[in-house]
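Engineer: Just dropping this structure here.
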Amino acid sequence: MDSEKLTRKYYSKLISLPNARILLSIDVIEGAIIAFRGLEIGILFFYSFLIYSVSLLAILGKRIRTTLTLISIFSAVYLILSLFPIPYVFIFGTFIPLVNYSLLVDYNEKISVTLASIASLIPSIILADLTILGIVYVIAVGVSSYVYVALINRKGNKIVGISSLKIVRPFLRALNYNKSTELEEFLDKISIPNMLNILTVKINETYLILPQIHFGMYGEIGSSKFPYHVEEVIPNSFVFHGPGSHEIDLTSSKESKRIAQEILNTRFEKANFTGITQEMLGDFKITTLNFDKFTLSFVERPLKGIDDLPGALWRDMISTNNFLVDCHNETLIDEIGRKEYVTLKNFIYSKERYLGNRKLKIGYAEGEVNCEGLCKNKVRVLSFYSPEEDKKVSIIYLYANNACHGLREKIEQNLSDLTNAILVTPDDHSCTAMSFGNLYQPATLCEQLIISSRELVKESLEKMEDVKNIEYGILKVKTRVIGKVVSSMVDGLEKVGGFAMKTFWIPIILPYVILVVFLFIHEIFKI
């Protein structure tokens, strides 16, 4: 199951709220229209609207944009329903579900629906316009809204063992308030202890680092910024993405920084360069830097895409000292499954390291670009040259979460006369989920990036220096990771999300169905 694809599917359904100034302008215009309408049908119409708006501001607190959005939507509904002889308490009652869902970010289900219901009663209480039937209507809508949310929670409990809102609420609070503490505390509660491996290769003064860590969840949360944390400790380092997905996310940014610092404790041993090899294996294109004691292979999957190789490959890599880098350089089209795992596992166990000692040259260059999809506007190029084989490999390193189709191919074609170019991203989650409505944007097919890559490769080749020292070490670190519960969460998202997408309209429409019934009863009592 592609957790990234599934998460994007449902995350994209979240609405991106407009700028507060735009919302305020809309609300002022709608408020003026309501005021004019009040002059026509009675000033209580306008007063009720003002009281309800203040009630929403009071219960939603600092979430100004959410409040302004709700007022904007309610204003339109309020004006439409004013065309009918409907008591105000019934009009306010129809809005209970939307207010309830907004409050669920901050409160549990009972408190949320209670506050939403009270807000709908306040205007009628203040203006002495409240009837028993109106109270019963508000209670009926509130109960129906609560039952729907309880049903969503129950589905989450059956699948994951945790109610849906207990899982979702920390994520929504982190997004709404830009605070990661609650979410990281939640992740720590569901996490499991684990011993992780980190391969560090030192070539002259350049460090190639491959950790058994996935760079998630997102933003500042978990290990999303692990590559950046490592660079703070070891500036001349390249941090690559290995096999594994969100099950090996660290639970906090604090832990990510600690482990980055731990890399300095790596015990190194000498190694010799033995050559560069490239081969096609099934759907995979694999370029390997061979050393006498280990290998480092850059794995691509042209046209079919590559995204989070099976985490079980770490066991095979550690037992053989043959390591794979998931280049993460083309968005996934076909799933990576058991067949692909077996292909890569066989490659790992069949890899021969000793090809005879050879000389190695290395060159580095970096530059600035401004292209959509980059978490950091920098391109880094690390080139390797094996003179005796006359083979060149250049790593084009982008701070991005994968790349759009065509970018890898375009860069490779544009550099084919200079080097064997390999586009690499670390599956950078540091700029994902930073706003509602768009989970992330992979690196786009950007002309500036294509041009800059060629210039930087040329520069790195011109700066080639002889490699005088090669060392490597494997550090084992004890930490906590999210673990396989993330699979249950993804399964829950698929099932609960599917149910919610099919039924979300029910609690929105139901108040109006109930309204028709209660208005009919209201007319009977009047008679």
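The values are calculated or read from the model by the stated rules, or taken from the named source; none is laboratory data. From a predicted model like this one, the values you see are computed outputs, not experimental measurements. A quick note on method: Cβ atoms are made from the backbone with ideal geometry, for glycine too, and the neighbour counts reach across all protein chains shown. Remember, those area values only see protein heavy atoms, side chains included, never the ligands or the DNA or RNA. Shrake-Rupley method; radii C 1.70, N 1.55, O 1.52, S 1.80 Å.
Engineer: From the residues in region 192-237 that are polar (S, T, N, Q) and assigned to a strand (DSSP E or B), which one is nearest to Glu471 (Cα to Cα)?
Structural biologist: Of the residues in region 192-237, the ones polar (S, T, N, Q) are 194, 197, 200, 204, 206, 212, 223-224, 236-237.
Still in the running and assigned to a strand (DSSP E or B): 194, 197, 200, 206, 237.
On the way: Asn194: 26, Asn197: 17, Thr200: 8, Thr206: 11, Ser237: 14 Å.
For region 192-237, the residue satisfying everything is Thr200.
Engineer: Check off (1) farther than 22 Å from Asn197 by Cα; (2) within 32 Å of the chain's Cα centre (by Cα); (3) in contact (Cβ under 8 Å) with a residue 40 or more places away in the chain for Thr274 and give me the number that stays unchecked.
Structural biologist: So the condition that Thr274 fails would be (2).
Residue-wise test of (1) within 28 Å of Val147 (Cα to Cα); (2) in contact with a Ser or Thr (Cβ under 8 Å, 6 or more places away or on another chain).
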{"position": "Ser164", "(1), (2)": "yes, no"}
{"position": "Ile167", "(1), (2)": "yes, no"}
{"position": "Thr181", "(1), (2)": "no, no"}
{"position": "Glu185", "(1), (2)": "no, no"}
{"position": "Asn194", "(1), (2)": "no, yes"}
{"position": "Lys202", "(1), (2)": "no, no"}
{"position": "Glu205", "(1), (2)": "no, no"}
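Engineer: Look through region 203-230, keep the residues that are of a type in the set (A, V, I, L, M) and within 12 Å of the chain's Cα centre (by Cα), and return whichever of them is modelled with the highest pLDDT. If you could, list the steps in order and put the result at the bottom.
Structural biologist: If we filter region 203-230 for residues that are of a type in the set (A, V, I, L, M), which is where we start, we get 203, 208-210, 213, 217, 221, 230.
This time we only want the ones that are within 12 Å of the chain's Cα centre (by Cα), so: 217, 221.
Numbers: Met217: 79, Ile221: 86.
Looking at the filtered set, the residue picked out is Ile221.
Engineer: Of the conditions (1) open to solvent by less than 70 Å² (accessible area, probe 1.4 Å); (2) at pLDDT below 85; (3) not in a helix (DSSP H, G or I), Ala174 fails just one. Which one is it?
Structural biologist: Answer for Ala174: the failing condition is (3).
Engineer: Working only within region 69-111, note down all residues that are of a type in the set (Phe, Trp, Tyr) and more than 26 Å from the chain's Cα centre (by Cα). Reasoning before the result, please.
Structural biologist: Step one: list which residues in region 69-111 are of a type in the set (Phe, Trp, Tyr), which gives 74, 78, 84, 88, 90, 92, 95, 101, 107.
Scanning region 69-111 gives Phe74, Tyr78, Phe84, Tyr88, Phe90, Phe92, Phe95.
Engineer: Additional query: Out of all the residues in region 298-349, which are of a type outside the set (Phe, Trp, Tyr), under 27 Å from the mean Cα position of the chain (by Cα) and part of a strand (DSSP E or B)?
Structural biologist: Hits for region 298-349 are Val299, Glu300, Ile306, Leu324, Val325, Asp326, Glu330.
Engineer: Among the residues of region 314-323, is any buried (at least 21 other Cβ atoms within 10 Å of the Cβ), free of Cβ contacts under 8 Å to residues at least 40 places away in the same chain and over 23 Å from Leu445 (Cβ atoms)?
Structural biologist: Going residue by residue through region 314-323, those that are buried (at least 21 other Cβ atoms within 10 Å of the Cβ) are 317, 322-323.
From what is left, the residues that are free of Cβ contacts under 8 Å to residues at least 40 places away in the same chain are 322.
Now narrow it down to the ones that are over 23 Å from Leu445 (Cβ atoms): 322.
Yes - at least one qualifying residue is present in region 314-323.
Engineer: For residues that are touching a Pro at 6+ places or on another chain (Cβ under 9 Å) and part of a strand (DSSP E or B), scanning just region 238-275, find the one that is surrounded by the most Cβ atoms within 10 Å (Cβ to Cβ).
Structural biologist: Val239
Engineer: Here's a follow-up. Across region 102-111, which residue is most open to solvent (accessible area, probe 1.4 Å) among those that are assigned to a helix (DSSP H, G or I) and touching a residue at least 24 places away in the same chain (Cβ under 8 Å)? Step through it out loud before you land on a result.
Structural biologist: So in region 102-111, the residues assigned to a helix (DSSP H, G or I) come out as 102-103, 109-111.
Cutting the leftovers down to touching a residue at least 24 places away in the same chain (Cβ under 8 Å) gives us 102-103, 109-110.
Values: Ser102: 18, Leu103: 0, Glu109: 38, Lys110: 133 Å².
Looking at residues that are assigned to a helix (DSSP H, G or I) and touching a residue at least 24 places away in the same chain (Cβ under 8 Å), I get Lys110.
Engineer: Could you give me the residue pairs with C-beta distances under 8 Å whose first residue belongs to region 146-162 and is aliphatic (A, V, I, L, M), whose second residue is in a loop (DSSP other than H, G, I, E, B) wherever it lies, and which are 6+ apart or on separate chains?
Structural biologist: Sorted first by the residue in region 146-162, then by its partner, the pairs are Val149/Leu104.
Engineer: Please tell me if Thr66 is in a helix (DSSP H, G or I), surrounded by 19 or more Cβ atoms within 10 Å (Cβ to Cβ), within 39 Å of the chain's Cα centre (by Cα) and not hydrophobic (A, V, I, L, M, F, W, C). Working first, answer last.
Structural biologist: Details: in a helix (DSSP H, G or I): yes; surrounded by 19 or more Cβ atoms within 10 Å (Cβ to Cβ): yes; within 39 Å of the chain's Cα centre (by Cα): yes; not hydrophobic (A, V, I, L, M, F, W, C): yes.
Considered against the rule, which asks whether it is in a helix (DSSP H, G or I), surrounded by 19 or more Cβ atoms within 10 Å (Cβ to Cβ), within 39 Å of the chain's Cα centre (by Cα) and not hydrophobic (A, V, I, L, M, F, W, C), Thr66 comes out as yes.
Engineer: Let me ask you something else. How many of the residues in region 21-43 are among the β-branched types (Val, Ile, Thr) and touching a residue at least 24 places away in the same chain (Cβ under 8 Å)? Show your work before the answer.
Structural biologist: Here is the first cut: in region 21-43, the residues among the β-branched types (Val, Ile, Thr) are 22, 26, 28-29, 33-34, 41, 43.
From what is left, the residues that are touching a residue at least 24 places away in the same chain (Cβ under 8 Å) are 26, 33-34, 41.
Looking only at that region, the number is 4.
Engineer: Could I ask something else about it? Give Leu98, Leu130, Leu165 a once-over and let me know the one that is touching a residue at least 12 places away in the same chain (Cβ under 8 Å), crowded, with 17+ Cβ neighbours inside 10 Å and part of a loop (DSSP other than H, G, I, E, B). Steps first, please.
Structural biologist: Values: Leu98 fails: part of a loop (DSSP other than H, G, I, E, B); Leu165 fails: part of a loop (DSSP other than H, G, I, E, B).
Of the residues listed, the single one that is touching a residue at least 12 places away in the same chain (Cβ under 8 Å), crowded, with 17+ Cβ neighbours inside 10 Å and part of a loop (DSSP other than H, G, I, E, B) is Leu130.
Engineer: Here's another thing I want to ask about it. Within region 350-387, can you find the residues that are open to solvent by 40 Å² or more (accessible area, probe 1.4 Å), under 21 Å from Thr277 (Cβ atoms), touching a residue at least 60 places away in the same chain (Cβ under 8 Å) and part of a loop (DSSP other than H, G, I, E, B)?
Structural biologist: Passing the criteria: Arg353, Tyr354, Leu355, Asn357, Arg358, Lys359.
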